[in-house]
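Q: Supplied in structure tokens, the structure appears directly below.
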Amino acid sequence: MRDVHVVVLTDRFADDLTALLDHDGFRVDAIFPADAPSTAIVSAHGVRLRLETSATPAPVTLHLLTDDHTGATTLPGGSTLEFRPFTTAYELPTNTPSLVVVHDDGEVGVGRAGMRYRDLLPDRWGGRFVASHISIPDGGPVPDYVHFHKVRFQMIFVKSGWVRLVYEDQGDPFVMVAGDCVLQPPEIRHRVLEASPGLEVIEVGCPALHETIADWGLPLPNGTGAADRQWDGQRFVRHAAAGSAHRPWSLAGWEHRDTGIGDATAGLAGVRVARPTGGAAPPATRTVGAAQEFLMLVTLAGSVTFTPETGDPVALVGGSSVAIPHSTTFTLADATADCELLEIALPA
């Protein structure tokens with residue numbers, strides 16, 4: 001393929017051409033015939049238009065992503081050019097927290113690149129957050145491409161299996177195994193390359209509705225960048241479970257390992273893995289702070305009983321999750337010796 005043109009049929013060829021050149025930033029790449037032009041190829045903003053004289057015009061609407069123009073213009077022949085900013089920010093909806101308990105019932109939907117998605121936060125807390133249990137049943141190469149997300153926060157935790165990924169400025173592709181975690185700073189380019197059969201990951205992002213944008217211009221790997229590089233104030237984090245130290249958690253009788261995401265986000269978010277100390281833990285009660293924007297616990301292994309102060313006990317087993325609003329008091333009890341909980345908290 002040598003070129004692609006968007007054909008615009010118009011009965012006002014000269015007027016449309018003048019408008020495109022004088023007001024909309026286009027330039028002429030070709031025009032013919034010379035003595036009485038009726039066709040012109042013009043380009044700007046990443047698009048090439050083939051403007052053709054026609055007795056039966058066919059106006060079109062074009063969305064042009066550029067930071068150089070704003071607004072919309074209508075050509076004399078009826079076609080519309082809508083200039084939209086290439087650099088856009090996410091919209092952060094008002095947080096509407098609610099106590100949400102979800103169990104793994106096997107119901108999934110098929111998402112991008114053939115991945116299976118199980119929703120851990122169906123009400124999305126008003127669109128503020130999205131939490132997903134993602135799986136790739138068959139494993140092997142993943143039909144992914146270099147892309148990035150327009151987000152405020154996003155983390156990936158491997159629940160089981162392994163996955164091979166590559167990230168912008170992070171050197172060669174690497175493998176994450178069960179218990180490992182990454183922080184994906186806003187708009188860092190990355191790609192999922194390969195997965196084991198039965199790969200399962202937990203992904204939490206903010207806001208819930210955000211754009212995933214392909215970047216065909218940046219091949220990965222692209223070498224190793226500065227270790228302290230930041231994307232919107234956040235550093236890339238790759239946390240390995242193997243060899244990580246544990247220290248006391250926020251509940252008595254529990255300990256946790258920290259993924260380092262709190263430091264990398266300057267306190268915006270924290271991600272930890274907690275377990276009973278010494279294989280047993282007495283009932284422990286905690287009140288979520290009034291300033292806590294988001295708190296979710298996901299059961300990675302074993303089981304534990306979660307009891308909110310004003311509700312009935314709920315058994316959290318493998319794959320169960322609970323999103324807990326601010327100012328909520330709850331108790332964890334009857335944890336099995338092998339229980340592990342993934343905690344995602346904003347702020348850290």
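The values are calculated or read from the model by the stated rules, or taken from the named source; none is laboratory data. Fair warning: this is a prediction, and the values are worked out from it, not measured in the lab. Positions of Cβ are backbone-derived with ideal geometry, glycine not excepted, and every protein chain shown enters the neighbour counts.
Q: Provide a single number: the residues in the stretch 251-270 that are surrounded by 13 or more Cβ atoms within 10 Å (Cβ to Cβ) and either in a loop (DSSP other than H, G, I, E, B) or among the small types (Gly, Ala, Ser) (or both).
A: Number of matching residues: 12.
Q: Could you tell me whether the stretch 195-206 includes any residue that is outside the structural domain of Met296 (by TED's automatic domain parsing), under 15 Å from Gly140 (Cβ atoms) and polar (S, T, N, Q)?
A: Among the residues of the stretch 195-206, at least one is outside the structural domain of Met296 (by TED's automatic domain parsing), under 15 Å from Gly140 (Cβ atoms) and polar (S, T, N, Q), which makes the answer yes.
Q: Looking at the stretch 273-302 only, could you name the residues that are under 29 Å from the mean Cα position of the chain (by Cα), at negative phi and outside any strand (DSSP E or B)?
A: Val288, Gly289, Ala290, Ala291, Gln292, Glu293, listed by residue number.
Q: For the stretch 165-214, what are the residues that are surrounded by fewer than 19 Cβ atoms within 10 Å (Cβ to Cβ) and β-branched (Val, Ile, Thr)?
A: Result: Val175, Val177, Thr212, Ile213.
Q: What number goes with the only condition from (1) outside any strand (DSSP E or B); (2) modelled with pLDDT of 95 or more; (3) loosely packed, with under 15 Cβ neighbours inside 10 Å that Ala315 does not pass?
A: Here Ala315 meets the rest and fails (1).
Q: Here's a follow-up. Residues that are surrounded by 12 or more Cβ atoms within 10 Å (Cβ to Cβ), out of contact with any Ser or Thr (no Cβ under 7 Å at 6 or more places or on another chain) and of a type in the set (A, V, I, L, M, F, W, C): find the strands (runs of 3 or more DSSP E) completely inside the stretch 1-115 holding 1 or more of those.
A: Answer list for the stretch 1-115: 6-10, 27-32, 39-44, 47-53, 61-65, 100-102.
Q: Exactly one condition in (1) outside any loop (DSSP other than H, G, I, E, B); (2) surrounded by 17 or more Cβ atoms within 10 Å (Cβ to Cβ) is not met by Gly126; state its number.
A: (2)
Q: Hey, could you check the stretch 127-141 for residues that are hydrophobic (A, V, I, L, M, F, W, C) and modelled with pLDDT of 90 or more and say which is farthest from Arg191 (Cα to Cα)?
A: Selected residue: Phe129.
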